[in-house]
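Read through the structure below, which is laid out as structure tokens, and then see the notes.
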Amino acid sequence: MGISKDNVTGLVLAVSSSIFIGSSFIVKKMGLKKSNTPGRSAGGHAYLYEPWWWIGMISMIVGEIANFAAYAFAPALLVTPLGALSIIVSAVLAHFILQEKLHIFGVLGCALCMVGSTTIVLHAPHERIIHSVKEVWHLATELGFILYTCVVVILVSILIFYCVPRYGQTHLVVYVGICSFTGSLTVMGVKAVGIAIKLTFEGMNQFIYFQTWFFTLVVIGCCILQINYLNKALDTFNTAVVSPVYYVMFTSLTIFASIIMFKDWDTQNASQIATELCGFVTILAGTFLLHKTKDMGNKPIEQSSAFSTPDRAIFATPEQDNINNNSSPC
């Protein structure tokens, strides 16, 4: 299957997003290290006076904007798994800049992520041609996606009101499950808003329709919920555990939601679908290998960047980065 022009645009934006986000954590850590040098005192917010930290934050914001835009051009089945590339960027930069050695198994993990990403890119379905946000609304209000949304709302409600008070501090899947289920709806909303903005720039104003504003409110509400519980997960559990589990759950549920809503697989045959699944599994294997073997080098490699998507590590605050570093088993 040939790669469409929109898919190429989405691919470039997604890869650019991973580069900016992956490098942002290295630059931010440089700023955090400088702010912790002896003789400097600014309370718990000394990093705010470090230019390097702000450069890293700007890089992260640019990456998130690029990731947002990527969903307007390419299917989530292509964009979401490519978030794993930010892990490779941060691991490689940490090796050369922060002297956090990348073990041979880490190199193998990077290679697996690259192979899996390439497989998905070459076999990803073409983006559905949409002429109005009303078409997205029609897809979102079909029975299949309504049922999926109802299941997500019920499961998230059970996790928040029943599981969090009882198991939140002991079971990682509670917080990560809330973030992942909510994240799948966030990405669908982001894609709808992205398409609306894209069409508006092309001369067809989509902000005159209430559907655009509804999707915008969904994105804002879901992002707030994700920020809250992702930060709880980072505060309670080690980042080395949270990162791969969150990536797997979030990416899997997002792809599943996209298949239901945008019917990404309707135009593909069994061979193409199987190849995409193999590529996804290969990325998952590389991601876990990177995280599980990162302490085998001379120094641990920070992998906070595994969070992909309007919902990646932009939600982690510098104070939490320090907490996670100190709680690392390495």
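The values are calculated or read from the model by the stated rules, or taken from the named source; none is laboratory data. Worth saying up front: this structure is predicted, and the values here are computed from it rather than measured. Cβ coordinates were reconstructed from backbone atoms using ideal geometry, including for glycine residues, and neighbour counts include every protein chain displayed. Just so you know, the surface numbers come from the protein's heavy atoms only, side chains and all, with ligands and any DNA or RNA stripped out. Shrake-Rupley method; radii C 1.70, N 1.55, O 1.52, S 1.80 Å.
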Inset, instruction - Check VAL193, VAL218 and return the single one that is closer than 19 Å to GLY10 by Cβ and at pLDDT 95 or above. - result: VAL193
Inset, instruction - Please determine, by comparing only the residues of segment 101-133 that are surrounded by 14 or more Cβ atoms within 10 Å (Cβ to Cβ), within 27 Å of THR212 (Cα to Cα) and not β-branched (Val, Ile, Thr), which one is farthest from the chain's Cα centre (by Cα). - result: SER132
Inset, instruction - Note down all Cβ pairs under 8 Å where the first residue falls in segment 207-223 and is at negative phi and in contact (Cβ under 8 Å) with a residue 60 or more places away in the chain, the second is surrounded by 15 or more Cβ atoms within 10 Å (Cβ to Cβ) and in a loop (DSSP other than H, G, I, E, B), and they're at least six residues apart or on different chains. - result: TYR209/SER132; THR212/GLN206; VAL219/PRO310; CYS223/PRO310; CYS223/ASP311
Inset, instruction - Take SER35 and decide whether it is at pLDDT 85 or above and buried (at least 16 other Cβ atoms within 10 Å of the Cβ). - result: no
Inset, instruction - List the number of the failed condition for GLU64; all other conditions in (1) charged (D, E, K, R); (2) at pLDDT 85 or above; (3) surrounded by fewer than 15 Cβ atoms within 10 Å (Cβ to Cβ) hold. - result: (3)
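Look at segment 1-18 and say how many of its residues are open to solvent by 80 Å² or more (accessible area, probe 1.4 Å) and either modelled with pLDDT of 95 or more or within 18 Å of LYS198 (Cα to Cα) (or both).
Residues flagged as open to solvent by 80 Å² or more (accessible area, probe 1.4 Å) and either modelled with pLDDT of 95 or more or within 18 Å of LYS198 (Cα to Cα) (or both) within segment 1-18 amount to 2.
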